[in-house]
Amino acid sequence: MTGEFLYFMQFFLSGLAMGSIYALIALGFVLIYKSTSILNLAQGEFLMVGAYICLSLTIDFKLNFFVSFIITMGASVLLGLAVERVVLRPLIGEPIISVIMVTLGLTYVFRGLVIMIWGNDIRQFNIFPLEPIDFWGIKLSQLYLWSMGISLLLLVFFAFYFKYARTGIYMRAVADHQTAAQSMGISVKRVFAISWCIAAVVSSIGGILVGNIAGVGVDLSYIGLKVLPAVILGGLDSILGAIIGGLVVGVLEFLSAGYLDPYIPAINEVFPFIVMVLVLMIKPYGLFGTEEIERV
Amino acid sequence: MPSGVFHESYASDERIFQTWFVKIWLILLLLVMAALPFMVSNYMISILIEAGIAIIACHGLNLLTGYTGQISLGHSAFIGVGAYACTILIGRAHLPFIVALPMSGLITAMVGMVFGIPSLRLRGLYLAIATIAAQFIIVFTIRRWDSLTGGVDGLFVDPGTLGPFHFNDRVHLYYLTFLIVAGATLMTKNIIRSRSGRAFVAIRDRYLAAEVIGVNLFKYRLMSFAISSFLAGIAGALLAQHLEVITHESFTIHRSVDYLAMCIIGGLGHITCAFFGVAFWFILERILEVVSTGLGSAFPDHITWFVSLREIVFGSVIILFLIFEPDGLSARWRTIRAYWKLWPFSY
């Protein structure tokens, strides 16, 4: 293979690995938006809290990684339930700005609590081996492969879950038409709660994966905002869109790092946002999102 | 003597000062504020300057979010544009402060209009997301455009002068801020009373109906962005004078959220919003500062707990306000005033 192609593939595959984590987190985003029409800007904080819980159980309490992983998932479910019940439910029917602001208020609380409990330093968290594996000259860290594998597995799992599982079908029904679903005997409140739980769980897993790559710190929560371009690109209310958007944004981020960096250093930090502004101007509802049609 | 305020014409209904009573109180307040630098410590003056700057910024945000209904999560980035514009105009272009101040407002208004263009097609949630993008793109530009903005190290601010006034003197800066706060309040109030203000409110309440009765949506949305950013730019220019060194860290998305939170606590869509919100925010901040340093020195082992107290309290305050008092302090203030107006014959 030529050097040029290798260079491209190197960034492309790394981007795909990162993108699959984005896709996972975007899935949580979309799930909440689809069933409850809430844009959860505290998603990044869910991710951070999950990563911190898992890290402190594994390293500080010296538990087996799988045990601490399971406990983290349990804690995430509780967190999701608590947030939905205590904070978001009183705001049903309030204007958008209240709902956006309340999730932003949550980010403050979570950030403060995390700093209070775990301090302000970035901590290393290495579960997966780092040694790169050579694929015909493309070096990919095992960590990236693990992340990609776990994310893809979960994405496939959720694809089947929404297609065949009873609760998955409930969720699609509620997203499609709330009152109709309710009249068919589906508990909308329960579906809301389940959406928050799933979102909290997938973002915790995403947090653990990203934490392994970048270290666990308060800045992990920025990933929650970095996922916004992915969600917008795919369409705010499309699960397929979230997955494709996540992968595309991950690839774009790494390719811009590979090719545009010499011209504008560190452009990859904002490149997804620039793409997002363009998408918003040209096709605001994304690739697969439902277009809102207003009738007078 | 009439038993209440009864308007007989639209003009009297739209008057700024409804009664002579309000006017007297306002004059008293202004006198107290003007005399304040001679009564309080330098530290207090600094805080008052910061509060004044926040009030100017909040007027802008209130106009955009409270009156036009366009949620902005990038306000602090626009303040940053104003701060850098003013500093660069004074430091590099050697313009006098009196020219640089309005120019930094205009530059910020221009930038604000560019990022307001998506509002042609976007509303609500989507526009909020677009402003998050604006926040990140602007701060990135500030951080990476080394030759102009000094990059990560930031810039030293040359103190502005205006005749005998030098704004590295706190008291002089206080009076400047005070004048601009008064001016900005008057300007905002007058915009709200005018045709444009009514168009803003119409767009906020039901934009389709507004369009049908002939409000040019794009023009007024963009205008709202421009005025809001103009005020942000002026606030930024003052903030640069106040901080003396500016870096991109003063203009993060957290600050944007702070400004929006101040507006919500104050009560979006009232002219008093900025005053109540900023007063509440700054007073709470001072109380927390005292409490956390006090607790920190009492329990030095747990000092990190009290450092993060601020974030937790402010987050909880935002959430509690949204759940229990979504119309903010302005609405509460009006309820209280309405109650006392008829006291003791409230039945």
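The values are calculated or read from the model by the stated rules, or taken from the named source; none is laboratory data. Remember, predicted model here, so these are calculated numbers, not experimental data. Note that each Cβ is placed from the backbone with ideal geometry, even for glycine, and that neighbours are counted across all protein chains shown. Heavy atoms of the whole protein, side chains included, go into the accessibility calculation; ligands, DNA and RNA do not. Shrake-Rupley method; radii C 1.70, N 1.55, O 1.52, S 1.80 Å.
Per residue, the stretch A:16-221 exposes 41 Å² of solvent-accessible protein surface, assessed with a 1.4 angstrom probe and all protein chains in place. Not counting the cut sites, what is the longest span of chain A without trypsin sites (Lys or Arg not before Pro) that DSSP labels loop and that have at most 16 other Cβ atoms within 10 Å? So the longest stretch without any such site is A:63-294. Compute the separation of the alpha-carbon centres of the stretch B:171-204 and the stretch B:213-236 and state it in Å as a whole number. Cα centres, the stretch B:171-204 to the stretch B:213-236: 12 Å.
Placing unit charges on the Cβ atoms only, positive for Lys and Arg and negative for Asp and Glu, gives chain B a dipole magnitude near 1060 debye about its Cα centre.
A straight line joining the Cα centroids of the stretch B:302-347 and the stretch A:149-228 runs 34 Å. Ligands, DNA and RNA left out, the 1.4 Å accessible surface of the stretch A:16-221 is 67% carbon and sulfur atoms. Calculated over the stretch B:43-167, the projected area of the Cα convex hull averaged across directions stands at 8.8 nm².
Using a cutoff of 8 angstrom between alpha carbon atoms and counting only pairs six or more residues apart, the relative contact order for the stretch A:16-221 works out to 46 percent. Considering only Cα atoms, the convex hull volume of the stretch B:192-347 works out to 195 Å³ per residue.
Solvent exposure of chain B, expressed per residue, is 48 Å² of accessible area, with all protein chains present and a 1.4 angstrom probe. Annotation note: trypsin sites (Lys or Arg not before Pro) in the stretch B:69-154 located in DSSP loop regions with a Cβ neighbour count of at most 14 within 10 Å are B:R92.
Each chain gives up part of its surface: A and B jointly bury about 4200 Å² of accessible area, both sides summed, for a 1.4 Å probe.
The distance linking the stretch B:88-109 with the stretch A:37-110 is 44 Å (Cα centroid to Cα centroid, whole angstrom).
Considering every alpha-carbon pair of chain A, the percent of pairs per 10 Å bin, from zero through the bin containing the longest distance, is 6, 27, 35, 22, 7, 1, 0. Starting from the stretch B:1-104, pick out the chymotrypsin sites (Phe, Trp or Tyr not before Pro) whose DSSP state is loop and whose Cβ has at most 13 other Cβ atoms within 10 Å. Filter output for the stretch B:1-104: B:F6, B:F17. The listed residues A:V156, A:V109 rank as A:V156, A:V109 when sorted by accessible area, largest first, using a 1.4 Å probe. Using C-alpha pairs under 8 Å with a sequence gap of at least 6, the mean separation divided by the residue count of the stretch B:42-271 gives a relative contact order of 45 percent. Overall, the accessible surface of chain B at a probe of 1.4 angstrom is composed of carbon and sulfur to the extent of 69 percent.
The per residue volume of the convex hull around the alpha-carbon atoms of the stretch B:42-271 is 110 Å³. Along its first, second and third principal axes, ordered by size, the stretch A:157-296 spans 58, 42, 25 Å in Cα coordinates.
How large is log10 of I(q)/I(0) for the stretch B:130-263 at q = 0.12 Å⁻¹ when the intensity is taken from the Debye formula with one equal scatterer per alpha-carbon? Ignoring solvent entirely, the Cα scatterers give -0.66. FRET efficiency for the pair B:L28 and B:R195, taken as 1/(1 + (r/R0)^6) with r the Cβ-Cβ distance and R0 = 25 Å, rounds to 0.15. For the protein assembly as shown, the Kirkwood radius over C-alpha pairs fed into Stokes-Einstein at 37 °C and 0.692 mPa s yields D = 124 µm² per second.
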